[in-house]
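Student: Have a look at this one.
The values are calculated or read from the model by the stated rules, or taken from the named source; none is laboratory data. Since the structure is predicted, the reported quantities are computational estimates derived from the model, not experimental observations. When we count neighbours, we look across all protein chains shown, and the Cβ atoms used for this are built from the backbone with ideal geometry, even at glycine. Remember, those area values only see protein heavy atoms, side chains included, never the ligands or the DNA or RNA. Shrake-Rupley method; radii C 1.70, N 1.55, O 1.52, S 1.80 Å.
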Amino acid sequence: ERILGAGGFGAAFLCKHRYSGARMVVKSLLITDLDREITDVFSEARTLQQLKHPGIIQMTDCDFADSAQTRPYLVMDFFDAKNLQDFVESEGLLSPADLLGVAIPVAEALQAAHANGILHRDVKPGNILVAREAQSWRVKLIDFGLAIQPGSFEGKASTQGPQYQTMASKS
């Protein structure tokens, strides 16, 4: 239906499933621009596929679009919302009550990911989708950093220790 965004590792497209009609996001990856093997990326995607939480965009599939296995893609649920950065730029700063309405679901989503040994690695307003509904917020955390270099967090205290591993170092 349209391009949702593009970056150094690929592009994200809003698509409609040809049979069910459901809207979903297909993220195409540029295999040449990944800083690790695509098998590692797919392994991480399968781990994220098992992580089910209302505050986290659900990963539904990953595969190659071609028989030569040069065009990998990821499929995830679509959530019709603005990212927090765009929301604040267009609507202004959040009130303290609205900030809590957004921060609490983000913290709960991160807690669920951490409980499964997954660290987000790129929490920022651009990776938080928000939709205002009357007196409440719908919030989803996106982009668990599938294309971040595996060595970019080596030696950092937050990635050390037996209970948590970054996705890149998880076996």
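Student: Within the stretch 7-22, which residues are surrounded by 13 or more Cβ atoms within 10 Å (Cβ to Cβ) and either at negative phi or polar (S, T, N, Q) (or both)?
Tutor: Going through the stretch 7-22, the residues surrounded by 13 or more Cβ atoms within 10 Å (Cβ to Cβ) turn out to be 9-15.
Listed by number, the residues that qualify are Phe9, Ala11, Ala12, Phe13, Leu14, Cys15.
Student: Only one of (1) closer than 19 Å to Val123 by Cβ; (2) touching a Pro at 6+ places or on another chain (Cβ under 8 Å); (3) of a type in the set (Lys, Arg) fails for Lys27. Which number is that?
Tutor: The single condition Lys27 does not satisfy is (2).
Student: Do we have Asp122 as under 23 Å from Val26 (Cβ atoms) and either modelled with pLDDT under 95 or among the aliphatic types (A, V, I, L, M) (or both) here? Before the answer, list the steps.
Tutor: Working: under 23 Å from Val26 (Cβ atoms): yes; either modelled with pLDDT under 95 or among the aliphatic types (A, V, I, L, M) (or both): yes.
Yes, satisfied.
Student: While we're on this one: From Ile128, Ile104, which residue is at pLDDT 95 or above and farther than 30 Å from Thr39 by Cβ? Full working, then the answer.
Tutor: Working: Ile128 fails: farther than 30 Å from Thr39 by Cβ.
Unique residue meeting the criteria: Ile104.
Student: Something else: For the stretch 56-77, indicate whether the set of residues that are in contact with a Phe, Trp or Tyr (Cβ under 6 Å, 6 or more places away or on another chain), part of a strand (DSSP E or B), open to solvent by 30 Å² or more (accessible area, probe 1.4 Å) and modelled with pLDDT of 90 or more is non-empty.
Tutor: Scanning the stretch 56-77, I find no residue that is in contact with a Phe, Trp or Tyr (Cβ under 6 Å, 6 or more places away or on another chain), part of a strand (DSSP E or B), open to solvent by 30 Å² or more (accessible area, probe 1.4 Å) and modelled with pLDDT of 90 or more, so the answer is no.
Student: Here is a further query. Filter the stretch 24-42 for residues that are closer than 15 Å to Ala65 by Cβ, open to solvent by 40 Å² or more (accessible area, probe 1.4 Å) and touching a helix residue (DSSP H, G or I) at 6+ places or on another chain (Cβ under 8 Å) and give the result.
Tutor: Across the stretch 24-42, the qualifying residue is only Ile31.
Student: Would you confirm, using the coordinates I've provided, whether Phe87 is touching a residue at least 12 places away in the same chain (Cβ under 8 Å) and closer than 23 Å to Arg18 by Cβ? Before you say what the answer is, go through the steps one by one.
Tutor: Details: touching a residue at least 12 places away in the same chain (Cβ under 8 Å): yes; closer than 23 Å to Arg18 by Cβ: no.
So Phe87 fails the test.
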